[in-house]
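What follows is a single structure, written as structure tokens, with notes after it.
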Amino acid sequence: MLLLERGPGREHIAIQSYMLAMVAGLGALFALILAAAPVREFFEMEILNATQWFLALLAAAIGLTIASVIWRLPQIEQLEMPEERDRERPSRDKPDMPASTAV
């Protein structure tokens, strides 16, 4: 989620505390669901063994690495660029120079 929040062309944005709180809250909620047997049974979840946890975390790490590499491709970065160009471009409503006095 932190990778998605920053996104392509926004790598300069620092990770904010609300982002970390959201990730920590969702992780705590997941742990609570796994810990409470009735809730775990309701969602039909099973506790993973060490090998399954390793494979799940490895798959997540590989996916995040692929996403971060893909976001660095120029074609993908250009998808984010039009918004930044609009912010840098002066508005047509505002003149660049002060209006000249009537002659």
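Students sometimes get this wrong: rank Phe42, Phe30 by accessible area, probe 1.4 Å, all chains present, largest first.
Numbers: Phe42 155, Phe30 90 Å².
Sorted by accessible area, descending: Phe42, Phe30.
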request  = Calculate the spin-label point distance for Leu20 paired with Ala67, positioning each point 7 Å from the Cα along the beta-carbon direction, and give it in nanometres.
outcome  = 2.0 nm
ask   = What's the FRET efficiency of Ala28 with Gln52 using the Cβ-Cβ distance as r and R₀ = 22 Å, to the nearest 0.05?
value = 0.60
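The values are calculated or read from the model by the stated rules, or taken from the named source; none is laboratory data. Model, not experiment: these values are computed from the prediction. Cβ sites come from the backbone with ideal geometry, for glycine too, and all protein chains shown count toward neighbours. Please note that ligands, DNA and RNA were not included when accessible areas were found on the heavy atoms of the full protein model with its side chains. Shrake-Rupley method; radii C 1.70, N 1.55, O 1.52, S 1.80 Å.
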